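Visitor: Quick one: the structure is below, questions incoming.
Every number in this text was worked out from the coordinates using simple rules, so none of it is lab data. Remember, predicted model here, so these are calculated numbers, not experimental data. Note: ideal-geometry Cβ built from the backbone for every residue, glycine included; neighbour counts use all protein chains shown.
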Amino acid sequence: MDATALDPHTPLVSAQQALEVAQSSGDPARLGKAHNQLAQVQALQGEFVQALGNYLAGLEQSRQAGHKGLEAFALAGIATLQQSLGNSQEAAKYFLRALALEREGGDRARVARLLNCLGQVYLETGDLAGAAQLHREALEIAREIPDRPGEASALSHLGVVYGRLGRHLEAIQFHRQALEIASGLGQPQTQALVLGHLGSALAAQGDLKEALELHSQALELYRTLGQRPGEADALLRVGMVLRGLGQSEAALQTLGAARSIAQELGAKRTLVEVYQALSTTYEAAGDPASALEHLKTATELERRLFQEQGAQRTAALLAGFQIEKVRQEAEFERIKSAALAEALEKAQAAEQAARQAESEQTRLLERTRQQAEELERLARQDPLTRLHNRRYLEENLEREFAASRRYRFPLAVALLDIDNFKHINDRFSHAVGDDVLRLLGQLLENSRRETDFVARYGGEEFVLVFPQTDQAGARIACERLRSKIERFGWQTIHPDLQVTVSIGLSDDPQAANHEKLLALADEQLYAAKRAGKNRVKPE
């Protein structure tokens, strides 16, 4: 950001009072700056929708004033909010607009900072090469100016990217260069941030002792600054390193302190990470019951956080539309006051038309939101059976497999195939075949446990996933399902119709990945077919 940035401890009431003073002045530049400052405070307090409203108002005022610096600041603020809400595409769009204005304005230090911000968005979307390119450009600009804080920031960001690439030695070199610069700047906030990044890079490389020392230094700096979010994050990193060093008791104590601060601050993302770390630490300490309890808490918190962010994204969209509506009405009032009496009547008619158009826009916006939600649902749903589709299966089976291997829970997968389905289509028609698929989908969905999920794999094949279930338990469920399908009244579709299925099971703990686990179930399915169909394998 720029020099108009607020201290994060600025009270909300002070920013609101500053806005009132600016409003009384009628100066659009002062108004733009005041709206931006209030938005910053609101964003720091987690009031994202209100912050967005003020950034949009600041954007409008800065455009009226012709102040490109304030306009770029507001655009960058909107981008940061979108990034916080997980909307990376929108974040990149606004960062690019801000970047274009700053390049035009010639403030190269601001250009470098925005390049780093955009690089973080690219990193979050998985475009590591793009992120590295942006941070290198920021580094080059910072060295040319020169801008030592900007240089430290770019180096540290490059370290993070190279760490994600698995190039840990290069990542550590970048972080050490950044730390050397930050230590000489007398900026403890920057120094603490870089210490944390370097500590994480060293931990990834296996140098846990130095990682512990660096995270501890960062922790002390955050405590000196009174920076509670940073303190919570540093405690989390210290606890994770202590766990890696085999000091489970000290790790649990440190993670407990991190949890207390995160709960006090309402830092939900940090709290999810703390509970995940507590789960793995209890597991390492030989307490699987506590490990499972904390894992369940982390999973529930993550689910709630995802739902809240979705609601905030929708609210932010609607707030942006409302602000644009207010802007249009204000512009209309300005034109109306300058018009002659004869033009006033026409303007009033135009106002009524505009309101009707706005009502239609609101309706269309709501319809668009609903359509977006429906498209997202359909992207993961098979249209014929209404079951999850293969895309959903791949995403969620991979996650379940990783969790089962990490926490040593059993995981069984069943591949189900309708026997002689081609014969059903040929003898009774494809319409009857579609009815069979639909009814079978209902049977599978209605027969599963709450923790299981079922998906259409393709054609007449379906996959059933049984988390925390071994092969014996899954086989009982599959045999019950096979029998239920065989006894079902298929004659309601056609008097001569009979449907059976063959099922192959696997829960091999030695499987390399979820795809291999599914392939093993496929082998068992073909064994069931070869053995005469209408059965579950292995027996």
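Visitor: Name the residues whose placed amide hydrogens come within less than 5 Å of the amide hydrogen of V501, ignoring near sequence neighbours (fewer than 5 apart) on the same chain.
Guide: Distant-sequence amide H within range of V501: D419, N534.
Visitor: Can you compute 3J(HN,Hα) from phi for each residue in the stretch 104-112, using the Karplus curve 6.51 cos²θ - 1.76 cosθ + 1.60 with θ = phi - 60°, rounded to whole Hz and x for Gly and Pro?
Guide: After applying 6.51 cos²θ - 1.76 cosθ + 1.60, I find 5, x, x, 7, 5, 5, 5, 4, 4 Hz.
Visitor: Evaluate the distance, in nm, between pseudo-label points positioned 7 Å from the Cα of Q45 and of R449 along their respective Cα→Cβ axes.
Guide: 4.7 nm
Visitor: May I ask you to derive the FRET efficiency for S429 and L128 from their Cβ-Cβ distance with R0 = 45 Å, giving the value to the nearest 0.05?
Guide: 0.30
Visitor: Let me ask something else. Hey, can you grab everything whose amide H is under 5 Å from the amide H of I493? Only 5+ residues off in sequence or another chain; H modelled, so Pro and N-termini drop out.
Guide: none
Visitor: While we're on this one: Tell me, in nm to one decimal, what length is gained between S84 and S25 on full extension, where the rule is 0.36 nm per residue of separation less the Cα-Cα distance?
Guide: Once the chain is fully extended between S84 and S25, it gains 17.9 nm.
Visitor: State whether the stretch 227-310 is rounded, prolate or oblate according to the following rule on the C-alpha gyration tensor (a ≥ b ≥ c being the square roots of its eigenvalues): a/c under 1.5 gives rounded; otherwise a/b larger than b/c gives prolate, and the remaining case gives oblate.
Guide: oblate
Visitor: Next up: Once amide H atoms are placed 1.01 Å from N in the peptide plane, what residues at a sequence separation of 5 or more from F453, or on another chain, have their amide H within under 5 Å of its amide H?
Guide: V465
Visitor: Could you pull the Cα extents of the stretch 390-537 along its three principal axes, largest to smallest, in whole Å?
Guide: 50, 28, 23
Visitor: Where does each of V432, V21 land when they are ranked from fewest to most other beta-carbon atoms within 10 angstrom?
Guide: In increasing order of surrounding Cβ atoms, one gets V21, V432.
Visitor: Label A284 and E213 with points 7 Å out from Cα along Cα→Cβ: what is the distance between them in nm?
Guide: 2.0 nm
Visitor: Which ordering of I424, I493 is given by a fewest-first count of other beta-carbon atoms within 10 Å?
Guide: I493, I424
Visitor: Just to be sure I understand: of the beta bridges DSSP finds with both ends in the stretch 390-537, what percent are antiparallel, rounded to 5?
Guide: Here the share of antiparallel DSSP bridges comes out near 90 percent.
Visitor: Want the number for E140 to Q352: 0.36 nm per residue separation, take away the alpha-carbon distance, what's left?
Guide: That pair, E140 and Q352, stretches by 70.9 nm at full extension.
Visitor: Applying 1/(1 + (r/R0)^6) with R0 = 51 Å to the Cβ-Cβ distance of E394 and Q64, what FRET efficiency is obtained, to the nearest 0.05?
Guide: About 0.50, to the nearest 0.05.
Visitor: What FRET efficiency would be calculated for the residue pair Q307, L245, taking the C-beta separation as r and a Förster radius of 25 Å, to the nearest 0.05?
Guide: Using R0 = 25 Å, I get an efficiency of 0.10.
Visitor: Separate question: Using the number of other C-beta atoms within 10 angstrom as an exposure proxy, rank L292, L219, L185 with the fewest first.
Guide: L185, L292, L219
Visitor: Could you list, in their original order, any pairs among K422/K529; K422/K516; K209/K296 whose Cα atoms are separated by more than 21 Å?
Guide: Beyond 21 Å between Cα atoms: K422/K516; K209/K296.
Visitor: Provide the gained length on full extension for the span L225 to E539, in nm with one decimal, where the gain is 0.36 nm per separating residue minus the Cα-Cα distance.
Guide: 106.6 nm
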